[in-house]
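Below: the structure, in structure tokens.
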Amino acid sequence: MDKKAKLELEKEEMKNLMDTLPYLREYYELEEKIGRGTFSTVYKALDIRREMYKNDDWLPTMLIKPYTGQDKAEHMNSVKTLNEFVALKRIYSTSSPQRIVNEIRILQELKGAECVSPIVTAFRDGEETFIVMPYIQHDEFKDIFNVMGLHDIKCYIKSLFTALSHLHELKIVHKDVKPNNFLYNIKKKVGFLIDFGLAQREDETKQYEESQVMGDLSKIELVKGYDTNDTRKRIKANRAGTRGYRAPEVLLRVIHQTTAVDIWSAGTIFLSILTGVFPFFIGYDEADSLVEIASVFGLNDLQKVALKYNRIIHTNICGLPKQRVSLKKLCAYYNSEKLREWPEKDIRDAIDLLEKCLQLDSNTRITAKEALKHSFLQFD
């Protein structure tokens, strides 16, 4: 479908929505569709009644400029845009009521958190549920990840970990950290984490201990085919997230998952920035994804971590490296021209932070709070 036909289809979709729920016209004027997922569609909309409401509980958060200054004209334009437009998230009736309630509660709890997109309001009419959030001007990751300079990269990563630190302090796991869910403005040098549809509270039970016995070992087959008639009992665990950004423990179907899954996802974004390869991991399914991880971090280490979670990884794929690849060499191989411009200390610091984010063992992964204190993110 060409661009023109796509736009016409989107216009028809927005018209149908307004015809179905005519009262919406009294509040919002839909401008364009800006996002779509399995359970929702997001529209940019003009907030017709904006002058009737006080926005003091969320607007100051959006105007924070942690890493760069703005002149008065730019600042006033930001205020005007935030006041006039909103992101209207329409949640499909196929989404469970509990999931919707959970998302709204989490957004309410995160109100005022720096680098987290706040909720403005929410409402429901019959089976239709809407969440209203500020419209955030941002740059597409695919357009900026390979052109960001050293300072831009530091600002991007610091914004991301700032958002995650607020979530994780409240024991909230986002579960779908990826470039499309972190809206970064390269001019303002600040980003906002969005889309809490998959977010959950971390289980209060203790992290899995190596000494614990959890029953029979489960075998994970890293092969290019599988038996559709296989009747063995399957492990049931949360596998939420987007392919390419799921942590090893998610792929291994570990039942108890912590805030560390978000750190892995953030590390994967960082890996794309440092290598200039986006997306870096593209595995179609769990087995493919584990093969990709093994090709970078080594089959031996992946199998050791799997054993800690009572999993056995078996593969018939020849050529998978047993030992991990140096992340410094990997980044230099793909992106030597950019890294050549960096001071050696910044290269060392960046790789060190990357390695701490991409630990196969979730217990040894750096936390968001620790990451913000890392030497790579100490700058003016």
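Do you know which residues across the stretch 273-321 are touching a Gly at 6+ places or on another chain (Cβ under 9 Å) and β-branched (V, I, T)?
Passing the criteria: I282, V291, I293.
For the list (1) at negative phi; (2) in contact (Cβ under 8 Å) with a residue 24 or more places away in the chain, I need the number of the one condition that D143 fails.
Checking D143 against (1) at negative phi; (2) in contact (Cβ under 8 Å) with a residue 24 or more places away in the chain, the one that fails is (2).
Which of (1) out of contact with any helix residue (DSSP H, G or I) (no Cβ under 8 Å at 6 or more places or on another chain); (2) in a strand (DSSP E or B) is the odd one out, the single condition T129 does not satisfy?
(1)
Based on what the data block shows, is A113 in contact (Cβ under 8 Å) with a residue 24 or more places away in the chain and small (G, A, S)?
When the stated conditions are applied, A113 passes them.
Table: residues versus (1) modelled with pLDDT under 70; (2) outside the structural domain of S265 (by TED's automatic domain parsing); (3) touching a helix residue (DSSP H, G or I) at 6+ places or on another chain (Cβ under 8 Å); (4) in a helix (DSSP H, G or I).
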position: K154; (1), (2), (3), (4): no, no, yes, yes
position: I157; (1), (2), (3), (4): no, no, yes, yes
position: D195; (1), (2), (3), (4): no, no, yes, no
position: Y208; (1), (2), (3), (4): yes, no, yes, no
position: M214; (1), (2), (3), (4): yes, no, no, no
position: I220; (1), (2), (3), (4): no, no, yes, no
position: D227; (1), (2), (3), (4): yes, no, no, no
position: A240; (1), (2), (3), (4): yes, no, yes, no
position: V250; (1), (2), (3), (4): no, no, yes, yes
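List the residue pairs whose Cβ atoms are under 7 Å apart, where the first residue sits in the stretch 343-367 and is under 19 Å from T162 (Cα atoms), the second is of a type in the set (A, V, I, L, M) and not in a helix (DSSP H, G or I), and the two are 6 or more positions apart or on different chains.
Taking only residues 6 or more apart or on different chains, the pairs are K356/I366; C357/I366.
The values are calculated or read from the model by the stated rules, or taken from the named source; none is laboratory data. Remember, predicted model here, so these are calculated numbers, not experimental data. Reconstructed Cβ throughout: ideal geometry from the backbone, glycine too, with neighbour counts over all protein chains shown.
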